[in-house]
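Q: Before anything else, here's the structure in question.
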Amino acid sequence: MFSNVSYSAENTCQIIVRFENYAAQSHQNEDLTWHGLDVDFAKALLDEAGCEYRFVSIPWGRSLKMLENGEVDLMLSVSKTAQRMRFAYFIGPQKQENIVFAMNAERSYSINTVSSLFELDAPIAIQRGAYYGSTFEKRFIEEQDTDERFIYVPDNQLKLDLLRHGRISGFLEEKYNIVYQVQNNPDFMKVTISPFVINSEPVYFAFSKTSVSKLQIKKFEKAFLNIKKSGKLAVILKKYNLE
């Protein structure tokens, strides 16, 4: 079902928005309603633009390809890279993202540089297609033994399972997600965060160039400026203590 507000017969759009049921950014309740930081961002923008929308749950590993193909129209909290700009329009930024190293508190590591991640005694879980910053990418390309140093996982739950069973040294993740999980999810009771920030940069609304027209993008750009000027974006950030 598509849902919305300010529906206009002569100026309608229907947007499929990708989320993942994970942490504070986006989670689905038992009644199948979506809540969270990115959910609030999506609703604010699309409501302002007068669009209908439908939320779908898709793991990160598949979602970028689906955005490229136009199977989903919008993803949130996406880093802007040259590769992604070939198939997506970027509007924003939404907020600042901080990538950190999460590990077992009972088996912690000292991480002081990005290179430290390539010197651990157990592999690190990462997600295929995820962006961990230019410094990490450059070091990753230089690394000869990436198959031994890193494990690709399709979703966030598998990262936690591997950590719990001692199969990995840790995983890379957005800091806010880990802080939220440690505070609210018993499964994260033994998870701790290295204070070193792997990468910090803005993230954006990413719209598919395949399924979203340039005319629609102009409407979304205007809607973004409106919710920014009106203070709606600031209210959302304040709600999640991200001012």
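The values are calculated or read from the model by the stated rules, or taken from the named source; none is laboratory data. Computed from a predicted structure; not experimentally measured. Counting neighbours? That spans all protein chains shown, and the Cβs are built from the backbone with ideal geometry, glycine included.
Q: From the list D38, D47, pick out the single residue that is modelled with pLDDT under 95, outside any strand (DSSP E or B) and either surrounded by 20 or more Cβ atoms within 10 Å (Cβ to Cβ) or not assigned by TED's automatic domain parsing to the domain that holds Y131 (or both).
A: Just one listed residue meets the conditions, D38.
Q: For residues in the stretch 66-85 being in contact (Cβ under 8 Å) with a residue 40 or more places away in the chain and surrounded by fewer than 16 Cβ atoms within 10 Å (Cβ to Cβ), which is farthest from V153 (Cα to Cα)?
A: G70
Q: Which condition number in (1) closer than 15 Å to E174 by Cα; (2) assigned by TED's automatic domain parsing to the domain that holds D147; (3) of a type outside the set (S, T, N, Q) is the one that V114 fails?
A: Going through (1) closer than 15 Å to E174 by Cα; (2) assigned by TED's automatic domain parsing to the domain that holds D147; (3) of a type outside the set (S, T, N, Q) one by one, V114 breaks only (1).
Q: Cβ-Cβ under 8 Å, sequence separation 6+ or interchain: first residue in the stretch 181-206 and touching a residue at least 40 places away in the same chain (Cβ under 8 Å) and within 21 Å of F41 (Cβ to Cβ), partner assigned to a strand (DSSP E or B) and of a type in the set (K, R). Which pairs?
A: P202/K95; V203/K95
Q: State whether the residues of the stretch 158-169 include one that is polar (S, T, N, Q), without any contact (Cβ under 8 Å) to a residue 40 or more places away in the chain and assigned by TED's automatic domain parsing to the domain that holds S116.
A: no
Q: If I ask for residues that are of a type in the set (V, I, T) and farther than 18 Å from K214 by Cα, which ones from the stretch 64-101 would you list?
A: V78, T81, I99, V100
Q: Check whether at least one residue in the stretch 220-235 is touching a residue at least 12 places away in the same chain (Cβ under 8 Å), buried (at least 17 other Cβ atoms within 10 Å of the Cβ), of a type in the set (A, V, I, L, M) and not assigned by TED's automatic domain parsing to the domain that holds A82, and report yes or no.
A: No, every residue in the stretch 220-235 fails to be touching a residue at least 12 places away in the same chain (Cβ under 8 Å), buried (at least 17 other Cβ atoms within 10 Å of the Cβ), of a type in the set (A, V, I, L, M) and not assigned by TED's automatic domain parsing to the domain that holds A82.
Q: Moving to a separate point now. Using the structure shown, decide if S8 is under 19 Å from N226 (Cβ atoms), outside the structural domain of T135 (by TED's automatic domain parsing), modelled with pLDDT under 95 and not hydrophobic (A, V, I, L, M, F, W, C).
A: So S8 fits the description; yes.
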